[in-house]
Amino acid sequence: MKEELNLFKALSDETRLRITVLLSKKELCVCQIQWVLGFSQAMVSRHLTVLKNAGLVQDRRKGLWIFYSLSQPRNELEKSIHKYLREYFTKRYDLFRKDLSNMKKCLAQPLEKLCSGK
């Protein structure tokens, strides 16, 4: 039951929930997530660490960037949560629809421009 508690604790924060909804749609680097949400790099990284420690997200390095995505579900609970993240929140809440709209704008920009701070 400890794994389940960690999972739900990680998802109980609005910022982490917003990040997981974004990652349910597309793999993103930290600078893309911070651009979409309007948060600092330190804040985004701190939340990603919590999500990673709970087993919800994974990362991979590609050149200068570290990309984050949802981890492969390990059980039925995680499969259900992934489906819920992809479908439920974006249908019910404007905040998540706005985040996804911002993500589309973000993805239209070159990664080098977003991450350079220019």
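Using modelled backbone amide H atoms (1.01 Å from N, in-plane), which distant-in-sequence or interchain residues come within less than 5 Å of V57's amide H?
Result for V57 returns K52, S71.
List the aspartates and glutamates whose Cα sits under 15 Å from the Cα of K62, skipping any in the same chain fewer than 8 residues away.
Straight-distance partners of K62: E27, E112.
Would you work out what percent of the accessible area of the chain, with all protein chains in place, is carbon or sulfur (probe 1.4 Å)?
52
Which net charge results for the neighbourhood of L77, defined as the other residues with beta-carbon distances under 10 angstrom from its beta-carbon, given Lys and Arg at +1 and Asp and Glu at -1?
-2
Run the numbers on the stretch 1-73 and let me know its relative contact order in percent, using alpha-carbon pairs under 8 Å that are six or more apart.
Values: 68 pairs, mean separation 26.1, N = 73.
Relative contact order here is 36 percent.
HN-Hα J couplings of the stretch 18-35 from phi, Karplus 6.51/-1.76/1.60, θ = phi - 60°, integer Hz, Gly and Pro as x?
4, 5, 5, 5, 4, 6, 6, 9, 6, 5, 9, 8, 4, 5, 5, 5, 5, 5
Students often forget the sequence filter, so: which lysines lie under 18 Å Cα-Cα from K104 once same-chain residues fewer than 8 apart are removed?
K104 reaches K25, K26, K91, K113.
Multiply the residue separation of M43 and S80 by 0.36 nm, subtract the distance between their alpha-carbon atoms, and state the gained length in nm to one decimal.
Numbers: separation 37, 0.36 × 37 = 13.32 nm, distance 2.73 nm.
Stretched out fully, the M43 to S80 stretch lengthens by 10.6 nm.
What's the Cα-based Rg to Rh of the chain, Rh via Kirkwood?
0.95
How much length would be gained if the chain were fully extended between N6 and Q72, taking 0.36 nm per residue of separation minus their Cα-Cα distance, in nm to one decimal?
Answer, rounded to one decimal: 22.1 nm.
The values are calculated or read from the model by the stated rules, or taken from the named source; none is laboratory data. Values in this document were obtained by computation on a predicted structure and should not be read as measured data. Glycine also receives a Cβ, built like all others from the backbone with ideal geometry; neighbour counts cover every protein chain displayed. Accessible surface is based on the protein model in full, side chains and every heavy atom, while ligands, DNA and RNA are left aside. Shrake-Rupley method; radii C 1.70, N 1.55, O 1.52, S 1.80 Å.
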